Amino acid sequence: MRFCSMSESSGNGLYRVLLKSTTLFASVQGFCVLLSLLRNKVVAVVLGPAGMGVINLYNSVIRLLVLLTGGGLGTSGVRYVSSGGMWKEDSLRACRRQECGRRNVEGERLAAADQVRGWSLLLALAGTVLTAMLSPFLSVIAFGDHAHTLAFVLLSPVVGLSTFAAGELALLKGVGCLKGLARQSVWNAFFMTFLTIPVLYFWKEDGIVPSLLLTAVVLLLTTCRYSLREIPLGRPWLFGRLKREKALLGLGVAFVLATLGGSVMDLLVRAVIRSAGSLDDVGLFSVAYMTPLTLATIFFYSLETDFYPRLSASQMNTAEAQALTSNQIEISLLSVSPVVMLAFVSLNFFVPLLFSGKFLPCVAAMQAVLVALVLRAVKLPLSYVALSHGKSSHYMILETLYAVLFVALVSLGYFYYGVTGAGFGVLATAAFDFATLLFYARRWHGYRLPIHIGWLTCAELLLTVFCAVTAYCVPDAFRWLAAIPVTLAFLLSYCELRSQQVGK
């Protein structure tokens, strides 16, 4: 998808285009999630909850460092390349009027791609060096001692490789190579799974660091396989040209500041649970929190690759932007809710199957996070509104508020009710964030949630409550009643999506 073709998806075909995009990326991400679950199963059986906790602590630190040293190129690079390095609003208007054909668009995009690639290289090298230098500090922050200093030194290339790969992915998104993105996701998941599983199986705890290194190498190779074919290697290391494009990093830094709270939140919560509890509890909470989010990526991945660029291009047209947002909310809600309810009533069977019986204590927490996904289906499209309008300060405030509440409510829940309480802390944070984003979108952007979407949200939440009642408040002989809300949810989604397609 390119900015120049945004108007092609407007009008009567908008709903169908969004649904088709969601279906495409849901299929791709579904395959990737299956391989991810297989990988997690091996880790859970071989390493147990403590091993899962160690891996998640490493990954939390790596994600934070990639965010800090990556300059936000994963987001700013997409907009920069797609607009050919032009940031002015008139360039977006010209694209929507399909005047881009009069410009040397491909040449401008290749030149912009050189800038993104050059900054990615510089930031990747800086991230590698910085991680190695901060290794003793990172070991103390994550584990409370210096025993993992060498591990963080060995993991420093992971930060650099991940940063450079994020820049290459931004290039693919910027030139609209959706097929390349889909294929990259599939091959990355395939090689990552079948190359890291033997390492963990034979080396066990000693294989954690090598497996993370191997994962980063696979990510970079599979990404460059398509990015170099679509965007040939130019001259990204001409530093004189790099200095002229400070606007690229300016937007990226704003995004880094806006999302930094999320990564710090992720690390702080795990550190609190480790200090107040144990590594086993860190592993249980990580599984309870990350497994539903992994499931959600099946349906939400298209928001980043398709919805966000479309929303950015339509920001000058309020009616088009509101229709786009409402359609995406409805599609996300109707796609996610039935799967959430099916997972809700099946966790006691699937958790031992996907992980091991040692993870059954996190089932209640995972169910609370699943309920939060129903709200997330509505609020996630709203969270892109501020970013698509270039209001980085608004986005930063909203994300910081969410991060503070997340740490406070999840920690409070854990102190009183353990891992289950932490799960309900996630749900409480999601409910507050849902209300905050609705208020923000209405107050600053004039967006009003359509009445029928409000009723759909209430209906899906009531069906989820029905699932909870059948799971905890009825005798085992009547657990079959859980099939009723699940069936109703699937029928509701099918009928609504079918009627909207026909109607639009």
Sort 265-275, 451-461 by the packing proxy (mean of other Cβ within 10 Å over each peptide's residues), most packed first.
265-275, 451-461
Can you find, among V407, L382, F432, the residue sitting farthest towards the positive end of the charge dipole of segment 376-475, where Lys and Arg contribute +1 and Asp and Glu -1 at Cβ?
L382
What order do you get for 487-495, 378-386 when each peptide is scored by the mean count of other beta carbon atoms within 10 Å, highest first?
378-386, 487-495
Using a Förster radius of 56 Å, what is the FRET efficiency between R225 and V469 based on their Cβ-Cβ separation? Nearest 0.05, please.
0.65
With respect to the cross-link table entries K20/K41; K20/K173; K41/K204; K20/K391; K179/K379, which display a Cα-Cα separation exceeding 24 Å?
K20/K41; K20/K391; K179/K379
For segment 334-461, just say rounded, prolate or oblate: build the C-alpha gyration tensor, square-root its eigenvalues into a ≥ b ≥ c, call rounded for a/c under 1.5, and beyond that prolate if a/b exceeds b/c, oblate if not.
oblate
Taking the Cβ of A189 as the center, what net charge do the other residues with Cβ under 12 Å away carry, scoring Lys and Arg +1 and Asp and Glu -1?
+2
Give me the extension gain from L462 to L34: residue separation times 0.36 nm, minus the current Cα-Cα distance, reported in nm with one decimal.
151.2 nm
With every protein chain in place, segment 387-504: carbon and sulfur % of accessible area (1.4 Å)
72
Per-residue HN-Hα couplings for segment 457-472 [Karplus 6.51, -1.76, 1.60; θ = phi - 60°; Hz; x = Gly/Pro]:
4, 4, 5, 5, 5, 5, 5, 5, 4, 4, 4, 5, 4, 5, 7, 10
Highest mean first, how do 321-329, 429-437 rank when packing is the count of other Cβ atoms within 10 Å averaged over residues?
321-329, 429-437
Carbon + sulfur, % of accessible area of segment 12-76 - ligands and nucleic acids excluded, 1.4 Å
67
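The values are calculated or read from the model by the stated rules, or taken from the named source; none is laboratory data. As the structure is a computational prediction, the values presented were derived from the model and not from experiment. No Cβ is skipped: glycine too gets one built from the backbone with ideal geometry, and neighbour counts run over all protein chains shown. Ligands, DNA and RNA are excluded from the accessible area calculation, which covers all protein heavy atoms including side chains. Shrake-Rupley method; radii C 1.70, N 1.55, O 1.52, S 1.80 Å.
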